[in-house]
Amino acid sequence: MEGGPVGLIVVGLGGVGSSLVSGLLAARAHLVHPFGSLAEAGGAGRPSGSSLAAWRDKAPLAQLGDLVLGAFEIHEDDAYRATLRAGLVGRSLVDELRPELRQLRAMLGGRQAPTRRELADMLAEDLRGFLAHHHCSRGVVVCTIPGLRTPPARLGFTAAEVWKALDDGADWVTPGVVYAAAAAQAGCAFVAAGRDAALCAPAIPALFAEKGLPIAGAGLLGPDAVLRELVAQVLAQEGMQLAGAVSLSTRVELRDAPRWGGPDHTSEMGLGSAWAGGAFELSLALRGQVALYLAARALDAALLVELAARAGRAGAQQWMDALFTIPLGAAAPHEAAARSIAERRAHLEAELSALAEAARRRAA
């Protein structure tokens with residue numbers, strides 16, 4: 001990897017964070033194939049003749065072996081205990097990874113500070129120390145903790161307003177905003193993997209643009225949104241229309257960690273229109289752990305935003321919106337009309353060649 005190792009610091013070792021760390025370690029040790037990652041496109045298990053191409057085939061993404069893992073948690077912990085507590089990765093695999101997971105001790109994120117600005121300064125100093133200790137040329141912070149579900153009534157529009165809000169303890173300053181400010185100070189790119197509408201305030205991308213760093217988010221897109229869109233497209237090709245979206249049964253368990261699963265049926269149905277005024281209902285239930293899906297997507301986002309940093313991109317990386325529920329800057333006036341996930345995914349893949357070329361030029 002040109003420029004040395006890359007620090008990948010995960011904020012929060014809950015379901016998504018611990019699954020990201022343990023899955024990455026398992027994949028680069030060749031204990032499992034990296035299924036679910038679009039950067040890897042299913043790894044060695046990809047079907048022969050598949051049209052699905054790994055994103056790293058199109059652009060010089062960082063190799064998994066070049067990533068140096070770090071973490072922040074609100075209390076003293078290591079990745080082994082966190083992964084066992086989440087209970088999403090198989091115990092036998094976790095035990096096989098135990099030596100490496102034990103070595104990954106989380107930095108203390110929850111601590112006392114006079115103001116949130118001073119807390120952000122402390123976290124930034126920890127990030128600088130981590131990158132220096134591991135001789136990392138760049139850093140990416142992946143924040144998995146959730147925040148506000150809806151945009152705050154009062155928004156910041158400039159980088160200066162972010163710092164003032166941190167000094168004043170404004171009500172829209174969530175933990176995600178504190179970590180974003182710390183990442184910007186420490187020279188790290190940022191991925192808002194957890195859904196936090198506060199990070200969509202125009203001031204947050206402005207903060208990273210001022211520092212010459214990229215940011216992407218907020219809130220990784222789950223499989224339900226993708227499947228709803230695909231089902232509607234398939235039915236449209238058959239001349240049928242869905243009056244409502246197809247419903248996916250989901251429930252939330254284990255300290256708000258989102259999971260697939262729940263009852264054996266879904267209580268909501270998508271209603272469609274058929275010939276001669278007829279109607280039909282459609283439902284689709286998924287069972288499994290959605291956190292594992294989101295962990296793979298978090299890795300993809302981290303690799304893409306790191307490439308954007310090498311390509312000299314700064315501020316909101318809107319070409320990455322295909323991976324997120326809320327585009328950055330969506331809280332700003334005159335927001336652009338929403339595009340389909342397929343259109344956004346095509347835009348992302350088309351952007352990869354430009355990023356690859358820019359990264360090569362800057363490395364030359």
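Just so you know, all these numbers are worked out from the coordinates, no wet-lab data involved. Since the structure is predicted, the reported quantities are computational estimates derived from the model, not experimental observations. With ideal geometry, Cβ positions are generated from the backbone for all residues, glycine too; neighbour counts draw on all protein chains shown.
A few points about this structure:
- Once the Cα atoms are used to define both axes, helix 341-363 deviates from the longest principal axis of the chain by about 30 degrees.
- The amide H of LEU284, built 1.01 Å from its N in the peptide plane, has SER247, SER249 as neighbours under 5 Å, considering only residues 5 or more places off or on other chains.
- Of the GluC sites (Glu not before Pro) found in region 71-126, the ones in coil according to DSSP and having at most 16 other Cβ atoms within 10 Å of their Cβ are GLU76.
- Simple spin-label estimate for GLU343 and ARG362 in nanometres, 7 Å along Cα-Cβ: 2.9
- Dividing the summed -39500 (n - 2.57) terms of all DSSP H runs of n ≥ 4 by the residue count of the chain sets its mean residue ellipticity at 222 nm at -12500 deg cm²/dmol.
- Across region 278-300, the residues whose backbone nitrogen lies under 19 Å from the label position 7 Å along the beta-carbon direction of ARG91 are 289.
- Residues ILE341, ILE145, sorted so that the one with the fewest Cβ neighbours within 10 Å comes first: ILE341, ILE145
- Between ALA236 and THR150, the modelled labels are 2.9 nm apart [label points 7 Å from Cα along Cα→Cβ].
- Cβ-Cβ distance of ALA53 and ARG102, R₀ of 45 Å, FRET efficiency by 1/(1 + (r/R0)^6): the value works out to about 0.80.
- Expressed to the nearest 5 percent, the antiparallel share of DSSP beta bridges inside the chain is 35 percent.
- Label assignment, Cα extents along the principal axes in Å derived from the structure, set (1) 63, 54, 47; (2) 68, 49, 45; (3) 64, 55, 35: (2)
- Distance from region 54-71 to region 110-172 (C-alpha centre basis), Å: 25
- Measuring nothing but how far apart in sequence close Cα pairs (under 8 Å, 6+ apart) lie, relative to its length, the chain scores a relative contact order of 19 percent.
- Per-peptide packing, taken as the mean over residues of other Cβ atoms within 10 Å, places 4-14, 229-239, 156-166, 101-111 in the sequence 4-14, 156-166, 101-111, 229-239 from highest down.
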